[in-house]
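Inspection log for the structure reproduced underneath, given as structure tokens.
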Amino acid sequence: MRKALQTAARYAALLRLFAQNSLLANLEYRVNFAGALLMSLLDALWAVGGALLFYSHRATIGGWSFHETLIVVGLFFVASGFLDAIMQPNLRDVIEAVRTGAMDYTLIRPVDAMFHATLRRYRFEKLSGLLVGATLIGYALFQLRLWPGLGQWAAFIALGVAALALLYALMALLIALCFRVVDIANIEELVFGVLEVARFPAQAFPEPVRGVISLVIPIAFVSTVPAEALLGRLTPALALYGLVCAGVTVLLSARAWRAAVSSYTSASS
């Protein structure tokens with residue numbers, strides 16, 4: 001137990017160091033944050049405008065009102081901000097490191113290679129998406145005159161963290177693929193394209209699509225399920241399924257990294 005706590009503290013210190021180094025690098029280009037925030041706001045306006053277009057013809061879609069859908073849209077922006085700020089820059093770094101042979105320096109360090117390669121660099125200006133998402137969620141709750149209880153907030157946070165863990169594991173699997181296929185730009189675009197489905201509640205889609213995004217490719221778990229927890233209409237079975245999927249995907253990504261590293265041949269050798 002003591003050794004586990006020491007390991008956790010060590011990795012927490014590394015995360016803090018990674019964040020500090022990334023922040024110092026980002027501060028050299030402070031205008032980027034304002035530009036990224038502006039782009040996130042424009043993207044949010046576009047998403048809200050699209051939702052307004054659909055709701056101009058009816059009061060609810062799939063049982064969701066406009067302001068309830070805004071919570072889903074807000075969660076989509078949180079998920080997108082997480083991928084843009086953390087996963088995407090590290091994905092690009094790993095592609096370049098594998099291509100040039102610089103990955104050797106990562107593998108010889110006395111730290112887990114997956115941890116170091118996937119969490120080493122952050123683009124803090126892209127965290128503006130998280131701010132926009134949180135603002136949309138707060139605005140939607142205010143308009144709904146809804147004040148979730150402690151249990152609802154706890155379920156919302158737990159499911160939100162699990163959803164981010166699921167996204168992290170999926171992107172880690174994609175990054176592990178770089179060891180075998182250097183150019184994965186098309187696959188990366190596919191992942192972000194699939195995530196676009198999370199802009200709207202799963203119930204807004206017809207039944208075949210709804211089943212796919214809820215059970216086969218659990219994109220609904222990224223935004224719809226946490227929103228249901230906040231609104232007090234969470235389906236326990238679907239939430240449990242999403243949690244299991246997140247846990248299994250994290251384990252699979254760890255195994256994929258071990259397999260990729262064991263078969264890695266340096267480009268410099």
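Throughout, read-outs are computed from the coordinates displayed, never taken from laboratory work. Since the model is a prediction, treat every value here as computed from it, not as a measurement. Note that each Cβ is placed from the backbone with ideal geometry, even for glycine, and that neighbours are counted across all protein chains shown.
Please compute the length gained on full extension between Trp153 and Tyr11, using 0.36 nm multiplied by the number of residues separating them and subtracting their Cα-Cα distance. Please report the intermediate quantities before stating the final value.
On the way: separation 142, 0.36 × 142 = 51.12 nm, distance 2.77 nm.
Stretched fully, the Trp153-Tyr11 segment lengthens by 48.3 nm.
Could you please state, rounded to a whole Å, how far the C-alpha centre of the range 76-117 is from the C-alpha centre of the range 123-173?
Rounded to whole Å, the Cα centres lie 23 Å apart.
Just need the relative contact order of the chain here, percent rounded to a whole number, with Cα pairs under 8 Å and 6+ apart. Mind dumping the intermediate values first?
Working: 300 pairs, mean separation 71.5, N = 269.
The normalised contact order for the chain reaches 27 percent.
Rounded to the nearest 20 debye, what is the charge dipole size of the range 115-269 about its Cα centre when +1 sits on each Lys and Arg Cβ and -1 on each Asp and Glu Cβ? All intermediate terms of the calculation are to be shown ahead of the outcome.
Values: 11 positive and 7 negative charges, 66 e Å.
Charge dipole of the range 115-269: 320 debye, to the nearest 20.
Go through 116-124, 8-16 and give me the packing order, highest mean Cβ count within 10 Å leading.
Values: 116-124: 19.9, 8-16: 11.9.
Ranking the peptides 116-124, 8-16 by packing returns 116-124, 8-16.
Rounding to the nearest 20 debye, state how big the charge dipole of the range 89-165 is about its Cα centre with +1 on each Lys and Arg Cβ and -1 on each Asp and Glu Cβ. Before the final figure, lay out the partial values.
Values: 8 positive and 5 negative charges, 32 e Å.
I would put it at about 160 debye.
Go ahead and run the numbers for FRET between Arg255 and Arg92, Cβ-Cβ distance against an R0 of 22 Å, rounding to 0.05.
Numbers: r = 24 Å, r/R0 = 1.07.
Calculated transfer efficiency: 0.40.
Taking just the alpha carbons, could you work out the radius of gyration and Dmax for the range 75-187, both in angstroms?
17.4, 56
Among Trp64, Ala165, Met87, whose Cα lies farthest out toward the positive end of the dipole of the chain, if unit charges sit on the beta carbon of Lys, Arg (+1) and Asp, Glu (-1)?
Ala165
If packing is taken as the average number of other Cβ atoms within 10 Å across a peptide's residues, how do 85-95, 251-261, 142-152 rank, most packed first? Let's see the in-between values first.
On the way: 85-95: 20.6, 251-261: 16.5, 142-152: 11.7.
Going from most to least packed, we get 85-95, 251-261, 142-152.
Throw me the Rg/Rh for the chain, computed over C-alpha atoms with Kirkwood Rh, two decimals. Could you put the intermediate results ahead of the total?
Values: Rg = 19.7 Å, Rh = 19.9 Å.
For the chain, the value is 0.99.
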